[in-house]
Amino acid sequence: MIITLTTDMGLSDFYVASIKGNILKELPNANIVDISHVIRPFDISHASFVIKNCFQDFPKGTIHIIGINPEPDKINGHLIVENYGQFFIGADNGIFSLLFNKNPDGIWSINFDEDLESHSFPTKNIFVKAACHIARGGVPALIGNQIDSFNKKELFRAIVDNNSIKGTVNYIDTYGNVITNVTKELFNEIGKNKSFKIFLTRSGYSINKIHKAYGDVPEGERVALFSSSGFLEIAINKGVIGSGGGANQLFGLKINDTITIEFKQDDHSNS
C-alpha cells in the first residue's frame with residue numbers, strides 16, 4: 001500500500017521521521033512516498049499546487065496524508081476525502097477545495113477520541129492512524145461520520161480586461177521557473193491568435209512568443225510556455241543558480257506578483 005506525505009515540516013527536524021516511524025510500526029510493509037516536506041509553512045495554496053500536479057500519477061488506492069496547518073479548531077476538523085479512486089487525509093482548512101476538478105466521491109469527518117497529544121501533533125497521531133486503518137482495508141465510515149461538503153477557499157483568478165489578461169505568480173519551482181494562474185484555455189480564448197506581449201511587472205522585460213519547450217530558445221534566454229500543469233510559465237532556459245539565475249531571480253518576480261498579457265487589437269497573426 002502506498003502512503004504519501006506532504007508537509008511543511010522541513011528536513012532538518014525529527015518530525016517527518018517520527019511520522020514515518022509510526023506508519024511503519026503499524027504497517028511494516030508500507031510504501032511511503034515523500035511528495036514534499038518543504039511546503040511554505042501553513043500555505044495550503046502551495047501544498048495544493050504540488051499535490052494536484054502529481055496525485056493522479058499514483059495508482060488507485062493510494063492514501064495521501066496532508067500535514068499542512070493540521071491543527072483543528074471549532075470550525076475546521078479533520079477529514080478523509082475519497083476522489084479519483086484515492087484517499088486524502090488532512091484538515092478541513094480549504095485545501096481539499098483547491099485539489100480537485102470534480103466533486104469528491106465521499107467525505108468523512110474523523111471522529112477519533114482526541115487527547116492533548118493528538119492536538120499537538122495531529123499529522124502523526126490522527127492522520128497516520130486513519131491512513132493505516134484504510135490501508136488495512138478498513139472503511140472510512142468506521143472511523144468517521146459521512147458529511148456532504150468541506151470548507152471552500154478561492155485562489156486569485158486571472159482578470160480579463162478588454163484585450164488584456166492580468167495574472168499573478170502562483171508558484172516558483174526549484175529552477176526558478178515562474179508559474180502563473182493564467183491557463184492555456186483563457187489565453188487562447190482571449191488571444192484568438194492575436195500578437196501579444198507578456199509584461200513582467202517591475203522588471204521592464206517582456207515576451208512576445210509562446211514556445212513548446214525550454215530548449216526552443218538558446219541557453220540563458222527567457223521563454224514563455226504552458227507547463228504540464230496547464231498554466232503559463234515564465235522561465236530561463238537552463239537558468240539556475242550558478243548559471244545566470246532563474247526567471248524569478250532575473251526578473252525579480254515573487255509569489256502574488258502581477259504579470260500582464262496585452263493582445264494587439266484586430267491582429268490575427270499567429271503567436
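A short reminder: the numbers here are calculations on the coordinates, not readings from a lab. Given the structure is predicted, the values throughout are model-derived calculations rather than measurements. Methodologically, a virtual Cβ is constructed for each residue, glycine included, from the backbone with ideal geometry; neighbour enumeration extends over all protein chains shown.
Computed values, structure above
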read-out	value
Residues of type lysines that residue 20 reaches as a straight line, Cα spacing below 17 Å, ignoring anything fewer than 8 places off in the same chain	124, 129
Nitroxide proxy distance, nm - points 7 Å out along Cα→Cβ at residue 2 and residue 82	1.9
Protection proxy ranking of 63-69, 51-57 - average other beta-carbon atoms within 10 Å, highest first	63-69, 51-57
Extension gain (nm, one decimal) between residue 216 and residue 141, 0.36 nm per residue minus Cα-Cα	21.8 nm
Net charge, residue 183 excluded, C-beta distance under 14 Å - Lys, Arg +1, Asp, Glu -1	+1
For 157, 222, 136, order by how many other beta-carbon atoms lie within 10 Å, fewest first	136, 157, 222
The chain - mean residue ellipticity at 222 nm from DSSP helices (-39,500 (n - 2.57) per run, n ≥ 4, rounded to 500)	-5000 deg cm²/dmol
Difference of contour (0.36 nm per residue) and Cα-Cα distance, residue 156 to residue 24	43.6 nm
Length released on extending from residue 33 to residue 105, taking residue separation times 0.36 nm less the Cα-Cα span	23.5 nm
DSSP-defined beta bridges in segment 159-263 - what % are antiparallel, rounded to 5	95
Simple Cβ-charge dipole of the chain, Lys/Arg +1 and Asp/Glu -1, about Cα centre, in debye nearest 20	640
Violating pairs (Cα-Cα greater than 21 angstrom) within the set 212/238; 152/192; 209/264; 166/192; 52/152	152/192
By average C-beta atoms within 10 angstrom, highest first, the peptides 34-43, 86-95, 256-265, 163-172	86-95, 163-172, 256-265, 34-43
